[in-house]
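Written out below as structure tokens is the structure these notes cover.
Taken together, the values in this text are just the output of simple stated rules run on the coordinates, not laboratory data. All of these numbers come straight from a predicted model, not from anything done at the bench.
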């Protein structure tokens with residue numbers, strides 16, 4: 001489950017989301033992309049991921065997945081304690097914050 005990391009990849013990957021020719025989605029795109037920009041601004045830098053990679057590479061543990069940063073840990077914690085439906089509602093309401101359905 002990915003969380004935001006302040007990198008060029010994070011900002012470039014949002015370009016795929018923007019599509020011309022769908023005016024009925026413009027308001028939704030504007031709000032969700034604005035919220036994504038805020039997440040990116042507040043996100044930790046790539047140093048967090050590099051520390052996690054170092055930890056994984058040097059660990060004797062046979063762990064398959066490692067979590068990077070506080071956002072990732074928080075998301076996984078919430079996912080573990082609430083039902084999937086609630087978790088998706090929390091994520092959706094965060095991403096769609098400020099969007100008014102017509």
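For segment 8-95, what does the relative contact order come out to in percent, with C-alpha contacts under 8 Å and a separation of six or more?
Values: 21 pairs, mean separation 23.2, N = 88.
Rounded, it is 26 percent for segment 8-95.
For helix 26-42, report the angle its Cα long axis makes with the longest principal axis of the Cα atoms of the chain; keep it between 0 and 90° and round to the nearest 10°.
30
Return the Cα extents of the chain along principal axes one, two and three, sorted largest first, each rounded to a whole Å.
Sorted largest first, the three principal extents are 54, 33, 21 Å.
Just 50, 34, 68 to compare: in a GNM of the chain, with alpha carbon springs under 10 Å, which one fluctuates most?
Highest fluctuation of the listed residues: 50.
For the Cα atoms of the chain, what angle does the longest principal axis make with the long axis of helix 84-95, in degrees from 0 to 90, nearest 10?
Around 60 degrees separate the two axes.
Out of 27, 57, 43, any idea which swings most in a Gaussian network model of the chain, alpha carbons joined below 10 Å?
Ranking 27, 57, 43 by mean-square fluctuation puts 57 first.
When the helices in the chain are scored as -39500 (n - 2.57) per DSSP H run of 4 or longer and the sum is shared across all residues, what 222 nm value do you end up with, to the nearest 500 deg cm²/dmol?
Details: 5 runs with 61 residues, N = 102.
Helices in the chain give a 222 nm mean residue ellipticity of -18500 deg cm²/dmol.
GNM on the chain, C-alpha springs below 10 Å: top fluctuator among 70, 58, 32?
With Cα springs under 10 Å in the chain, the top fluctuation among 70, 58, 32 is at 58.
Specify the angular offset, from 0 to 90 degrees and rounded to the nearest 10, of the alpha carbon long axis of helix 46-58 from the longest principal axis of the alpha carbons in the chain.
Taking Cα atoms only, the helix is inclined about 30 degrees.
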